[in-house]
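Let me begin by presenting the structure, written as structure tokens, before commenting on it.
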Amino acid sequence: MYQQNYRDIKDDMNTSKNLIDLIIEAMKDERHDRVKYKMMMDMTKKDKIKEQIRFAYEDEGKHYKMFQYIFYQLTGKQIDIPIPEVEEYDELIDAVETSINGELAAVELYRKIQSMLPNIGLRDMLFEIITDEQEHATRFTYVFSMLNED
Ligand SMILES: [Fe+2]
Ligand SMILES: [Fe+2]
């Protein structure tokens, strides 16, 4: 009986460690994507394309703050992730293609984080972020098709 309880507690500790790691990973990704999308906006002169990328650019800033808040709720600690280096692209369309995949991978990661969060308030925040990322994937798919027509 004692053994069983001990194992449960240990599992809980492992789960929460894992959750914290995933939130840090999410914060890094949000920072990365925001820098990448700024770079992508500077790669085009077309307002129609810039506009689509700007939606995602602004959301990633909001998401970063939301994950920072979630991290604080779970640990009582305020953290900041340094702004990362971002890979460079010769062609905007290549950056758009990796962004579609990146957004879909984010949806997968955030579903996992959502399932591990301890209360409905935090899970609702993840729901908002997940639907934003799905919207970004759709917008980038649209941008991809616009660029393909050129
Ligand atoms: Fe995001
Ligand atoms: Fe996104």
**OP:** Find how many whole Å separate the alpha carbon centroid of the range 76-90 from the alpha carbon centroid of the range 106-150.
**Re:** 19 Å
Subject >> Accessible area per residue in Å² at 1.4 Å probe, computed on the range 9-109 >> reply: 60 Å²
**OP:** Quick one: dipole size for the chain, taken about the Cα centre, charges +1 on Lys/Arg Cβ and -1 on Asp/Glu Cβ, in debye to the nearest 20.
**Re:** 660 debye
**OP:** Enumerate the calculated ³J(HN,Hα) couplings along the range 96-113 in order (Karplus 6.51 cos²θ - 1.76 cosθ + 1.60, θ = phi - 60°), each rounded to whole Hz, writing x wherever the residue is Gly or Pro.
**Re:** 5, 4, 5, 5, 4, 5, x, 5, 5, 5, 4, 4, 4, 4, 6, 5, 5, 4
Original post:
Cα gyration tensor of the chain, axes a ≥ b ≥ c as square roots of the eigenvalues: rounded (a/c below 1.5), prolate (a/b > b/c) or oblate?
Top reply: prolate
Subject >> Karplus (6.51, -1.76, 1.60) ³J(HN,Hα), θ = phi - 60°, over the range 132-138, in Hz, Gly and Pro reported as x >> reply: 4, 5, 5, 5, 4, 4, 5
Original post:
Using the Cα gyration tensor of the range 80-123, with a ≥ b ≥ c the square roots of its eigenvalues, what is the shape: rounded (a/c below 1.5), prolate (a/b larger than b/c) or oblate (neither)?
Top reply: oblate
**OP:** Apply the Karplus parameterisation 6.51 cos²θ - 1.76 cosθ + 1.60, with θ equal to phi minus 60°, to every residue of the range 141-148 and state each ³J(HN,Hα) to the nearest whole Hz, in sequence, with x for glycine and proline.
**Re:** 5, 5, 4, 4, 6, 5, 5, 5
Original post:
Using a basic spin-label model with each label point 7 Å from the Cα along Cα→Cβ, how many nm lie between ASP42 and LEU74?
Top reply: 3.3 nm
**OP:** Between ASP59, ASP29, ASP21, find the one with the highest GNM mean-square fluctuation for the chain; connect C-alpha pairs within less than 10 Å.
**Re:** ASP21
**OP:** On the protein heavy atoms, probe 1.4 angstrom, tell me the percent of accessible surface of the range 39-150 carried by carbon and sulfur.
**Re:** 51 percent
Subject >> Within a Gaussian network of the chain (alpha carbon springs, distance under 10 Å), most fluctuating of VAL35, VAL107, VAL86 >> reply: VAL86
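The values are calculated or read from the model by the stated rules, or taken from the named source; none is laboratory data. All of these numbers come straight from a predicted model, not from anything done at the bench. With ideal geometry, Cβ positions are generated from the backbone for all residues, glycine too; neighbour counts draw on all protein chains shown. All accessible areas refer to the heavy atoms of the entire protein, side chains included, with ligands and DNA or RNA removed. Shrake-Rupley method; radii C 1.70, N 1.55, O 1.52, S 1.80 Å.
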